[in-house]
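What follows is calculated from the coordinates using simple rules that are stated; it is not laboratory data. Not measured: the values here are computed from a predicted model. All Cβ positions, glycine included, derive from the backbone under ideal geometry; neighbour counts span all protein chains shown.
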Amino acid sequence: LAKTTQPISMDSYEGQEVNITCSHNNIATNDYITWYQQFPSQGPRFIIQGYKTKVTNEVASLFIPADRKSSTLSLPRVSLSDTAVYYCLVAPGGGNQGGKLIFGQGTELSVKP
Amino acid sequence: DGGITQSPKYLFRKEGQNVTLSCEQNLNHDAMYWYRQDPGQGLRLIYYSQIVNDFQKGDIAEGYSVSREKKESFPLTVTSAQKNPTAFYLCASSGTPLLNEQFFGPGTRLTVL
């Protein structure tokens, strides 16, 4: 499974756009990029998944360049409730890998008033 | 109201005792997973099951055991062989074969005294 690298922590202020970048240099052809959000003492929650270019949903956008060696999670106009740890995962699509999702240390986002 | 339940939320045990953590889901998902999370760390996969009566070891299975006798239930036993069992345990399920989306329970915080 591809290894990912993301910043340990980030600070932001309410109303700002936050971009968290993840590096995955050895991503494989059949790998998808998935982001999860985790609040303290809770289980992670799926945010978004993409393969290439741009994906947008009601919560976030995911930007993936043509070489797919990195990806950027974009959170528009963050609020205090977006303070959480964000995990970038790279795993084969199709869900047939036995759930081998590797959650690294993640990025701890702190949103200040 | 569909979801995953874990009980209890907090659990205290004496060293040397086996303890079983409960995980139930009513999402009709085939796959279920157990993760362990230590403070400031990501999640590590203990065991997973893709179908009833079948399960596979994850990355840190030593000292743990599971069973999958029913589709909706996947209990985890932390045995006395687990050297450092104090941690936050998360159960998840997945029913979407084309998406790396797992649904997590609220977690059980186990403290071994």
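What to note about this one:
- The magnitude of the dipole of chain A, with charges of +1 and -1 set on the Cβ of Lys/Arg and Asp/Glu and taken from the Cα centre, is near 320 debye.
- Among residues other than A:R68 with Cβ under 15 Å from its Cβ, the summed charge is +2 (Lys and Arg +1, Asp and Glu -1).
- Each of B:V52 and B:K9 was given a label point 7 Å from its Cα along the Cα-to-Cβ line. The distance between the two points is 3.2 nm.
- Distance violations [Cα-Cα > 32 Å] among A:K54/B:K57; B:K9/B:K57; A:K3/B:K14; A:K69/B:K83; B:K9/B:K70; A:K54/A:K112: A:K54/B:K57; A:K3/B:K14; A:K69/B:K83
- Listing B:H29, A:H24 from fewest to most neighbouring C-beta atoms within 10 Å gives B:H29, A:H24.
- For chain B, the fraction of alpha-carbon pairs lying more than 16 Å apart is 56 percent, rounded to a whole number.
- Charge tally in the Cβ shell below 14 Å around B:V112, where Lys, Arg are +1 and Asp, Glu are -1, B:V112 excluded: +3
- Selected from A:V18, A:V59, A:V78 as most flexible by GNM, with chain A as the system and alpha-carbon contacts under 10 Å: A:V59
- When the Cα gyration tensor is reduced to axis lengths a ≥ b ≥ c, the ratio a/c is 1.5 or higher for the range B:58-113, and with a/b above b/c it is classed as prolate.
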